[in-house]
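Before any comments, here is the structure.
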Amino acid sequence: MTPRWLLLGGALALAFLLSLLTPWPPLAELLGRDRDLALAVLAELRLPRALLALLYGAVLGASGAAIQALFANPLASPDLTGTTSGAALGAVVTAYWFGFAAPLALSVGSVAGALGALLLLIALAGPRAETATLLLSGLAISALAGALTTLALALAPSPFAFYDAYDWLMGSLVDRSLDQAAFAAVPGLIAIGLLWRMRGGLDALSLGEEVAQSLGHDVSGMRLRIVCLTAIGVGACVAICGAIGFVGLVAPIFARRLTAGHPGRAILPAALIGGLLLLAADLVVRAAPLGRTLPIGVVTALLGAPFFLWLVAHMRWRLER
């Protein structure tokens with residue numbers, strides 16, 4: 001195991017521990033007065049939050065690595081396929097139009113929305129579409145799903161729908177339970193595991209579709225499986241925590257530095273880096289002034305948007321050299 005892997009593992013363990021213990025003063029005071037209550041706070045409030053940050057970040061990182069490898073484009077991310085926006089739309093329609101607000105119903109609606117976005121993507125781009133067509137179709141679907149989500153909230157029977165859903169739409173890990181974490185974990189971990197199994201095909205795909213096919217890889221089938229697994233994993237997490245962007249864009253770029261540029265082998269390290277990034281973002285959220293709530297999606301956007309702009313400028317500079 002290289003020092004980089006040891007450093008990544010140590011940073012991940014430290015971030016998870018800090019997520020459990022931050023803020024420490026009120027927890028220490030509670031441990032002194034009522035140990036059982038303090039342990040209950042740890043088990044029922046802070047542990048689900050830390051687990052969801054780790055899981056959601058891992059799903060975004062692994063999904064981003066797979067999509068970037070599939071499209072051979074470092075600007076690709078789960079958001080680009082319309083998965084996140086479709087999942088948010090599905091959850092909003094389920095909660096505010098069909099009246100099913102239970103976590104299970106929201107999760108089913110969210111995954112259905114993500115899969116609906118996927119089917120629309122395939123219908124628009126076709127199963128053998130070129131990368132540029134897929135990227136443009138995904139951007140159009142993301143914009144359409146975002147507009148429909150706003151419209152659904154504005155026309156919802158409840159006049160307070162938009163304000164109720166605001167925190168969730170901006171991303172939140174607060175007040176989630178272990179049951180919700182487990183519900184998101186099952187499809188999320190399955191998606192990561194199956195994406196990791198396709199690492200050989202994705203590495204071959206980096207040499208070109210014709211080379212990958214000559215090596216026996218079904219490129220069309222692989223494309224369909226990647227988008228489906230991304231939809232299921234991200235959709236389940238969005239249903240529980242809302243939409244969180246840029247982690248799926250940033251994590252794979254750092255992960256490829258650990259794998260000498262091999263996109264397929266970067267899936268697992270991207271999952272670890274994604275978990276680390278979201279745990280760190282959640283720690284930043286807890287630094288907000290007392291009585292103020294800072295959505296974690298805003299934090300990832302504030303940190304990820306400058307990185308995205310730098311990446312675009314860097315790619316342009318390389319093309320002009």
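The values are calculated or read from the model by the stated rules, or taken from the named source; none is laboratory data. Given the structure is predicted, the values throughout are model-derived calculations rather than measurements. Every residue, glycine among them, receives a Cβ derived from its backbone with ideal geometry; neighbour counts consider all protein chains shown. The area values use the complete protein model at the heavy-atom level, side chains included, leaving out ligands, DNA and RNA. Shrake-Rupley method; radii C 1.70, N 1.55, O 1.52, S 1.80 Å.
Testing the spin-label approximation: label points 7 Å from Cα along Cα→Cβ at Ala182 and Asp36. State their distance in nm.
2.3
Once you put a point 7 Å from the Cα of Leu124 and another 7 Å from the Cα of Ala305, both along the Cβ direction, what distance in nm separates them?
Result for the modelled spin labels: 2.3 nm.
GNM on the chain, C-alpha springs below 10 Å: top fluctuator among Gly221, Gly138, Gly235?
Result for the chain, Cα springs under 10 Å: Gly221 fluctuates most.
Given a 1.4 Å probe, how much area per residue of the range 251-321 is accessible, in Å²?
With the other protein chains kept in place, the range 251-321 gives 57 Å² per residue.
Which helices of the chain meet both criteria: a Cα extent of 24 Å or more along the helical axis and a mean Kyte-Doolittle score no lower than 1.0, with helices taken as whole DSSP H segments?
Details: long enough: 3-21 (27 Å, 1.78); 47-71 (36 Å, 1.51); 103-125 (33 Å, 2.16); 131-154 (35 Å, 1.76); 178-197 (28 Å, 1.27); 219-241 (32 Å, 1.78); 267-285 (27 Å, 2.38); 296-320 (36 Å, 1.14).
The answer, listed by residue number, is 3-21, 47-71, 103-125, 131-154, 178-197, 219-241, 267-285, 296-320.
Could you pull the accessible area for Cys228 with a 1.4 Å probe, rounded to 10 Å²?
Rounded to the nearest 10, the figure is 40 Å².
Rolling a 1.4 angstrom probe over the protein chains, ignoring ligands and nucleic acids, what is the accessible area of Asp179 in square angstrom, nearest 10?
Rounded to the nearest 10, the figure is 120 Å².
Students often get this wrong, so try it: which of (1) 44, 33, 17; (2) 32, 25, 17; (3) 53, 34, 20 is semi-axes √(5λ) of the Cα gyration tensor in Å as calculated from the structure shown?
(2)
Where the Cα atoms of the range 16-161 are projected onto their three principal axes, how long is each span, largest first, in whole Å?
62, 42, 20
Of the heavy-atom accessible surface of the range 1-148 (probe 1.4 angstrom), what whole percent is carbon and sulfur?
Carbon and sulfur together cover 74 percent of it.
Assuming 0.36 nm per residue, please report the length gained on full extension of the stretch Gln213 to Thr22 beyond their Cα-Cα distance.
63.8 nm
For the range 1-76, just say rounded, prolate or oblate: build the C-alpha gyration tensor, square-root its eigenvalues into a ≥ b ≥ c, call rounded for a/c under 1.5, and beyond that prolate if a/b exceeds b/c, oblate if not. Intermediate values should be presented prior to the final figure.
Details: a/c = 4.29, a/b = 2.31, b/c = 1.86.
Since a/c reaches 1.5 and a/b is larger than b/c, the shape of the range 1-76 is classed as prolate.
Keeping every protein chain in place, order Phe71, Phe160 by accessible area at 1.4 Å, biggest value first, i.e. largest first.
Descending accessible area places them as Phe160, Phe71.
Could you calculate the contour length gain from Leu144 to Glu44, that is, 0.36 nm times the residue separation minus the distance between their Cα atoms, to one decimal place in nm?
That works out to 32.3 nm of additional length.
Among Gln213, Gln68, Gln180, whose mean-square fluctuation peaks in a Gaussian network model of the chain (Cα, cutoff 10 Å)?
The residue that fluctuates most here is Gln213.
Can you send over the solvent-accessible area of Trp97, 1.4 Å probe, protein chains only, in Å² to the nearest 10?
Trp97 exposes around 120 Å² with every protein chain in place.
Report the full-extension gain for the segment Val298 to Thr133: residue separation times 0.36 nm, less the Cα-Cα distance, to one decimal in nm.
Gain on stretching Val298 to Thr133: 56.5 nm.
Do you know the relative contact order of the range 1-136, to the nearest whole percent, from alpha carbon pairs under 8 angstrom that are 6+ apart?
16 percent.
Do you know the relative contact order of the chain, to the nearest whole percent, from alpha carbon pairs under 8 angstrom that are 6+ apart?
So the answer I get is 30 percent.
Tell me the volume per residue, in Å³, of the convex hull enclosing the alpha carbons of the range 222-314.
110
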